[in-house]
Every structure is written in structure tokens, then in C-alpha cells.
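The values are calculated or read from the model by the stated rules, or taken from the named source; none is laboratory data. Computed from a predicted model, the values in this text were never measured in an experiment. Because the Cβ atoms are built from the backbone with ideal geometry, glycine has one as well, and the counts that use them run over all protein chains shown.
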Amino acid sequence: MNEARKVVVGVAGGIAAYKACHLVRDFKERGDDVRVVPTENALNFVGAATFEALSGHPVDTGVFTRVDEVQHVRVGQEAELIVIAPATADLIARIAAGRADDLLTSSILVATCPIVIAPAMHTEMWLNSATRANVATLRKRGMTVLEPAHGRLTGVDTGPGRLLEPGAIAELARTVAQTGPIERTLEGKRVLISAGGTQENIDPVRYIGNRSSGRQGFALADIAAHKGATVTVVAANTESLDTPAGVEVVRVRSTRELEAEMLTRAVGADVVIMAAAVADFRPAAEASSKLKKGEADGALSTIHLTENPDVLRLLVDRREAGEIDALIVGFAAETDNALEYGKAKLARKGADMLMVNDVAGGKVFGEERNRGWLVASDGSVNEIADGTKHVIAVQMWEAMEKWTERFAN
Ligand code: CTP
């Protein structure tokens with residue numbers, strides 16, 4: 001459920017502080033009670049009045065304001081989620097050292113709620129061994145330190161260190177509030193995911209497609225990237241979705257394009273997930289000019305179809321041939337007897353796991369939420385509880401990781 005929470009947005013003194021305004025609005029629009037706690041330096045970039053107006057609460061930076069209310073402990077105690085965006089190298093160092101010399105650090109030291117940190121700094125600072133060690137310390141303490149995006153920084157330089165987009169930070173923070181910290185359990189792993197829905201051309205203006213939005217595949221990719229994996233998404237017609245930071249996106253349109261990319265890129269992958277809704281058939285011949293409804297041969301009223309390759313099955317075949325060595329996971333969208341049909345489909349496809357969704361009445365497609373079962377080839381069934389597609393992704397990764405361990409034993 002989308003519960004309203006008491007959210008503290010911590011803001012450190014970096015140019016990306018202006019993006020915190022959008023983050024505050026994102027939480028407010030979902031009904032959260034937001035308190036902004038900037039550092040003194042953050043107010044060089046965004047004025048206290050802006051944060052007060054957006055949050056509807058007073059803004060303080062030091063530990064000697066509202067002393068009668070014992071504010072320096074109360075803010076942290078009452079918080080149900082703390083999100084720090086942007087977190088500078090200096091703030092990260094102060095948190096790692098356990099400092100409590102301003103309202104933000106003292107609130108963090110008191111808090112027992114989930115803490116999500118979105119860093120922003122120059123690449124050299126992010127890669128510096130002091131920052132690496134501090135980030136590792138925070139992660140060990142159960143805080144979720146998100147990977148910054150690659151891209152243009154304040155000057156002419158580019159590299160890792162750019163603040164994630166506010167919408168992405170808010171989504172990940174809400175996920176962490178529900179599921180717990182995102183742990184770096186996929187470091188060194190290569191993950192390949194197909195997402196979206198393939199389109200098969202009838203003529204230059206028409207196609208056969210489906211209602212898949214690609215959101216679940218992108219959410220799986222986003223979580224995997226924040227767990228430390230190197231992630232590639234082969235995305236079919238997902239132009240309306242933002243690309244998750246740190247994820248390579250290869251755009252395709254038709255099933256045959258998707259097949260080619262997936263089979264090539266699966267070599268060397270540790271996990272391959274077929275989340276795309278793949279068209280089972282395509283027009284046997286694509287007309288080179290627009291078909292007219294009055295044409296005598298009835299080309300438009302009778303479209304001859306030919307079967308598309310089953311990409312999931314081909315991946316399993318390639319593994320059997322020793323060409324790839326990945327955990328192979330598929331999806332099944334079913335409208336009746338979802339679990340039963342899903343299990344049968346898993347056996348037929350020969351994959352390791354299948355995420356079975358009940359899509360009766362158009363549920364799931366394009367929606368924010370989802371639920372179902374992740375069934376495995378040993379007959380085990382992991383119930384995936386109702387949640388946003390990010391929350392589903394976290395649950396799926398947990399179940400897959402357990403399975404991989406079982407695989408190795
Ligand atoms: N899939 C695939 N290639 C296809 C069709 C499906 O790789 N040509 C994959 C999907 O990405 C998904 C899984 O197979 O991971 C199941 O897809 P689904 O459409 O539910 O199954 P189908 O095999 O098409 O079975 P049916 O339509 O008969 O239910």
C-alpha cells in the first residue's frame with residue numbers, strides 16, 4: 001500500500017541541492033509529511049524559504065534551535081524514512097565518522113528508520129579511496145547508498161557522480177521503506193533483461209503489438225544495478241520509460257531483433273530474464289507500401305501470420321548446448337488458473353524460474369502494481385506479495401539469489 005510516512009529529506013551543500021525541491025514535492029504529492037533538514041552549506045544553494053514553502057515545516061540547520069523541543073533528537077526519532085539528496089563527500093564522511101555536529105547528522109545518528117543516501121559529487125571524489133571506504137561503512141551499517149548516475153557534472157567533466165533524478169530517488173526510497181536496504185549482493189554479476197512488448201509490422205504504418213509497458217523489466221534492471229550488477233536491458237518499444245541510471249539499454253522493435261540481441265548478449269551473463277511480452281506471431285510478409293482497405297486481394301482483412309521464435313526456449317537450448325551459462329527466468333501472463341498454467345509453462349519452456357502474473361481483465365499491464373508467484377523448476381513456489389513493480393523486483397531478486405545459491409550447492 002502507499003502509506004503516508006514522516007519523511008526527512010536531508011540536503012547537503014552541493015549544486016544538485018536544487019533537485020531536492022522536486023524530491024520534496026514528489027513525497028508531498030503522495031501524502032507524506034516531509035521535513036527538510038539541510039546543512040548550513042546547502043542553504044548557499046537553495047534558501048530556507050523554498051524548503052519551508054515546499055514542505056510546510058520550519059527549516060533549521062543547527063542543534064541549538066528549538067532546544068526546548070529537543071529537536072536534535074526528536075527529528076531523527078520521529079522519522080519513518082530519511083532520504084539524503086544530494087549527499088556530498090563531506091556529509092558522507094561525517095556520517096561515517098558518527099558526527100552529530102548539526103541537525104542533519106544528529107538526526108541520522110538518532111534514527112532507527114531506513115536511510116537512503118543519494119550521493120552527488122565530482123567523479124574524483126566519488127572514486128577516492130576515502131569516499132569508497134566511507135560508503136562501504138555506511139552500507140555495512142544498513143544504509144542504502146545509491147549509485148550516482150554517470151553524466152555531465154557541474155563543469156565540463158563527465159563521469160559517475162551525478163545526482164539521480166528526483167523521481168528515481170523517491171521510487172527507490174519508498175521501496176527501501178517497504179522492503180529494507182538494497183544490499184550489494186549482485187556485485188560482479190552480469191544481468192541481461194528483455195523488457196517491453198515487441199511490434200511486428202503489417203505495412204509501413206500498422207503493426208501487431210501488445211500492452212506491455214516494460215515497467216517490470218526496467219524495475220528489475222534498476223534494482224539489479226543498485227545491487228551492484230552490470231545490467232543490460234534489451235528494450236522493445238519502451239520509449240516512454242526513463243532509463244534507470246547505470247543500465248545499458250539496447251532498443252529493439254520486433255521479435256527477431258530482440259532474439260538477435262538476447263542470444264548474443266546472453267553469452268557470459270549470470271542471469272537472463274525474459275520480461276518482454278514477445279509477439280508469438282508476425283505477418284508472414286510485410287507490405288512495403290500502405291495497404292488499402294478496398295484492395296481486391298483483401299490483404300488487410302486477412303493477414304497471414306508466421307510463428308516467431310520462442311526466445312526463452314532458444315536461450316534454454318543454448319544453455320543445454322553449453323554456449324551460455326546463466327540462470328534463466330521467464331514471465332507468464334495468464335488470465336485463468338494462473339499458477340497451474342504457469343507451472344506447466346515453466347516445465348514446457350525448460351527455464352529455471354517463471355514469474356507468473358494474473359492479468360485477467362487487463363490487470364498489470366502499464367499499472368504501477370503487480371503480484372504473483374515466482375515458480376521454480378524444483379516445484380517450489382515463492383509468493384510475490386502485492387507491491388509496486390520495484391517492490392516486486394526486490395522480492396524477485398531475493399528469491400532468485402536464494403535459488404542461485406541452491407544451484408551452486
Ligand atoms: N517468450 C519468448 N518468445 C516468444 C514468446 C514468449 O521468449 N515467442 C517468453 C516471454 O518473454 C516470457 C515467456 O516466454 O518470459 C512466457 O511468455 P507467454 O506469452 O506467457 O508464453 P507463450 O509461450 O507465448 O505461451 P501462450 O501464449 O500459449 O500462453
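A few points about this structure:
- Some residue of the range 300-308 being hydroxyl-bearing (Ser, Thr, Tyr), within 16 Å of the ligand (Cβ to nearest atom), more than 20 Å from residue 328 (Cβ to Cβ) and surrounded by fewer than 18 Cβ atoms within 10 Å (Cβ to Cβ): yes
- Scanning the range 129-146 for residues that are closer than 17 Å to residue 85 by Cβ and either among the aliphatic types (A, V, I, L, M) or in contact with a Leu (Cβ under 8 Å, 6 or more places away or on another chain) (or both) yields 135, 138, 143, 144, 145, 146.
- Residue count for the range 370-386, restricted to those that are more than 16 Å from residue 275 (Cβ to Cβ) and part of a strand (DSSP E or B): 6
- Extreme residue, modelled with the lowest pLDDT, among residues of the range 342-352 that are buried (at least 20 other Cβ atoms within 10 Å of the Cβ) and within 11 Å of the ligand (Cβ to nearest atom): 342
Matching residues to (1) surrounded by fewer than 20 Cβ atoms within 10 Å (Cβ to Cβ); (2) modelled with pLDDT of 90 or more; (3) within 16 Å of the ligand (Cβ to nearest atom):
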{"site": "317", "(1), (2), (3)": "yes, yes, yes"}
{"site": "325", "(1), (2), (3)": "yes, yes, no"}
{"site": "340", "(1), (2), (3)": "yes, yes, yes"}
{"site": "354", "(1), (2), (3)": "no, yes, yes"}
{"site": "360", "(1), (2), (3)": "yes, no, yes"}
{"site": "383", "(1), (2), (3)": "yes, yes, no"}
{"site": "401", "(1), (2), (3)": "yes, yes, no"}
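- Against the test of being out of contact with any helix residue (DSSP H, G or I) (no Cβ under 9 Å at 6 or more places or on another chain), in a helix (DSSP H, G or I) and of a type outside the set (D, E, K, R), the options 133, 177 yield a single qualifying residue, 177.
- When residue 284 is tested against (1) within 16 Å of the ligand (Cβ to nearest atom); (2) hydrophobic (A, V, I, L, M, F, W, C); (3) within 30 Å of residue 391 (Cβ to Cβ), exactly one condition is not met: (3).
- Filtered residues of the range 79-112 (kept if surrounded by fewer than 19 Cβ atoms within 10 Å (Cβ to Cβ) and either modelled with pLDDT under 95 or not in a helix (DSSP H, G or I) (or both)): 80, 97, 98, 99, 101, 112
- Tabulated pairs, the range 61-78, first on the phi > 0 side of the Ramachandran plot and surrounded by fewer than 17 Cβ atoms within 10 Å (Cβ to Cβ), second assigned to a loop (DSSP other than H, G, I, E, B) and acidic (Asp, Glu), C-beta under 9 angstrom, 6+ apart or interchain: 66/60
- Which listed residue is within 25 Å of the chain's Cα centre (by Cα), assigned to a helix (DSSP H, G or I) and not hydroxyl-bearing (Ser, Thr, Tyr), from 23, 43, 54: 23
- Contact annotation: residue pairs with Cβ atoms under 8 Å, 6 or more positions apart or on different chains, pairing a residue in the range 332-360 that is charged (D, E, K, R) with a partner that is near the ligand (Cβ under 8 Å from one of its atoms) and assigned to a loop (DSSP other than H, G, I, E, B), are 349/310.
- Picking from residues in the range 242-298 that are among the basic types (Lys, Arg) and more than 20 Å from residue 324 (Cα to Cα), the one that is nearest to the chain's Cα centre (by Cα) is 251.
- The range 80-98 residues that are charged (D, E, K, R), paired with ones that are surrounded by fewer than 22 Cβ atoms within 10 Å (Cβ to Cβ) and not in a helix (DSSP H, G or I) (beta carbon under 8 Å, 6 or more apart): 80/5; 80/6; 80/113; 90/13; 94/101
- Enumeration of residues in the range 198-223 that are of a type in the set (A, V, I, L, M) and either in a loop (DSSP other than H, G, I, E, B) or crowded, with 24+ Cβ neighbours inside 10 Å (or both): 202, 205, 219, 220, 221, 223
- Checking residue 248 against (1) over 24 Å from residue 374 (Cβ atoms); (2) within 16 Å of the ligand (Cβ to nearest atom); (3) part of a strand (DSSP E or B), the condition it does not meet: (2)
- Filter result for residue 275 (near the ligand (Cβ under 8 Å from one of its atoms), closer than 15 Å to residue 206 by Cα and buried (at least 18 other Cβ atoms within 10 Å of the Cβ)): no
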